[in-house]
């Protein structure tokens, strides 16, 4: 379990992403998604975050597909999770340099099904991330209560159940 988010591999098991295809960067499917965002402008370099899943149709760079390899490199440098793209409408085909860059950095490029609205994807992904974080918060609270009780009862660390030591 990764407490900070959910892996791409886990996300691809969601019903909303059942028809999504991993185009390249398959070795990066264990990257953790902590955020999801949508690309609306051609230059997103200052906005990228670690653990980000970036959705796009490539509309903002449709006349400059050569910017896509640069985008993949920027995502990798930000330690983002992946690029999810709907290429049919504006891009038509993925540039080979983008695929190569994705494989070089093990940054997955996921082709999204064209009939799925972004809101369906963002809702499902955020629900998974929030559920994971909520679970972590509950476990943290349990540990906090247990340690507080141990301190108040003047018990030693040996009283901590083994399952909490390896959490």
> Is the range 76-92 home to any residue that is in the same structural domain as residue 123 (by TED's automatic domain parsing), touching a residue at least 60 places away in the same chain (Cβ under 8 Å) and more than 14 Å from the chain's Cα centre (by Cα)?
Replying inline: no
> With respect to the numbered conditions (1) modelled with pLDDT of 95 or more; (2) buried (at least 16 other Cβ atoms within 10 Å of the Cβ), which one is the sole condition not fulfilled by residue 27?
Replying inline: (2)
> Only one of (1) under 18 Å from residue 19 (Cα atoms); (2) modelled with pLDDT of 95 or more is not met by residue 81, so which one is it?
Replying inline: (1)
> Is it true that residue 96 is farther than 23 Å from residue 14 by Cβ and surrounded by fewer than 17 Cβ atoms within 10 Å (Cβ to Cβ)?
Replying inline: yes
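The values are calculated or read from the model by the stated rules, or taken from the named source; none is laboratory data. Please read all numbers here as calculations on a predicted model, not as lab measurements. Cβ sites come from the backbone with ideal geometry, for glycine too, and all protein chains shown count toward neighbours.
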